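Let me begin by presenting the structure, written as structure tokens, before commenting on it.
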């Protein structure tokens with residue numbers, strides 16, 4: 001069995017990482033504090049619909065109510081679990097720092113909260129935030145999640161990402177100076193990218209010595225610029241078999257010490273245009289497991305020294 005799993009997986013699972021670090025089950029509880037995004041001024045990323053199906057929080061209520069509601073749902077099945085408060089939606093360092101500090105100070109007083117995770121953009125980490133993160137990281141377990149999407153510059157321009165690869169590299173290195181656990185988000189199936197391009201993205205993250213990776217599948221949602229492009233240019237989306245092949249190949253290259261937090265996306269059914277197969281998330285995950293067994297591969301098998 002692969003050494004970084006407790007679930008008979010062939011990749012380094014988040015469940016393994018948390019249980020090894022904290023000694024028991026840990027969940028990230030998604031929160032929404034109505035953070036916006038600086039890239040909206042430039043039109044925003046072409047795939048952005050400002051929604052996430054994995055976000056079970058309700059931004060119409062206060063942050064403590066959001067947290068308690070989610071925790072109560074989880075505790076019905078896992079009563080002895082611990083929690084990480086996850087500022088998931090939007091660019092959270094494009095928000096008022098004093099407001100964020102108050103939220104975090106309050107959350108850390110809640111029993112069984114063992115850490116904080118903050119999602120943001122690599123171009124929104126100034127010295128003030130980095131100093132605060134250094135202080136926070138000394139008080140609790142801190143995870144910073146950064147959207148990269150691709151290491152190919154042409155792709156970042158096409159999707160109107162609003163930053164380049166150099167910016168992402170600097171952000172990661174700045175966080176690494178104070179040993180902050182850093183998570184990279186990438187998207188497979190971006191327009192005009194090849195399988196080689198997607199493998200090159202994970203190789204780049206290997207070289208950066210990233211702590212964890214979330215792999216998403218590009219999906220086309222209604223009321224996005226990508227939806228308009230899809231209709232006009234008839235761009236192709238990956239078939240399920242293609243996606244599984246690419247993910248398995250990426251896992252072969254990803255260093256075995258890097259935590260795999262996610263292997264697919266979570267589209268909202270009523271907003272999804274394509275691909276429809278992505279709605280069956282657990283089927284996709286199971287098929288990835290089966291393909292890894294069929295190929296007899298493990299995470300990092302091609303990066304072992």
> What is the Cα centroid distance between the stretch 283-305 and the stretch 173-191, reported in whole angstrom?
Replying inline: 22
>> Between (1) 48, 48, 38; (2) 59, 45, 35; (3) 89, 48, 35, which entry matches Cα extents along the principal axes in Å as derived from the coordinates of this structure?
In response: (1)
> For residue 74 and residue 106, FRET efficiency with R0 = 25 Å and r from the beta-carbon atoms, rounded to 0.05?
Replying inline: 0.80
>> If neighbour count is taken as other Cβ atoms inside 10 Å, put 83, 230 in order from fewest to most.
In response: 230, 83
>> Need the C-alpha centroid separation for the stretch 205-245 versus the stretch 79-122, integer Å.
In response: 27
>> Could you compute Rg(Cα) / (2.2 N^0.38 Å) for the stretch 84-130, with N its residue count?
In response: 1.16
> Let a ≥ b ≥ c be the square roots of the eigenvalues of the Cα gyration tensor of the stretch 58-105; is it rounded (a/c under 1.5), or, if not, prolate (a/b larger than b/c) or oblate?
Replying inline: prolate
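None of the figures in this text is laboratory data; all of them are computed from the coordinates on show. Predicted model, so just to flag it, every value in this text is computed and none were measured. Note that each Cβ is placed from the backbone with ideal geometry, even for glycine, and that neighbours are counted across all protein chains shown.
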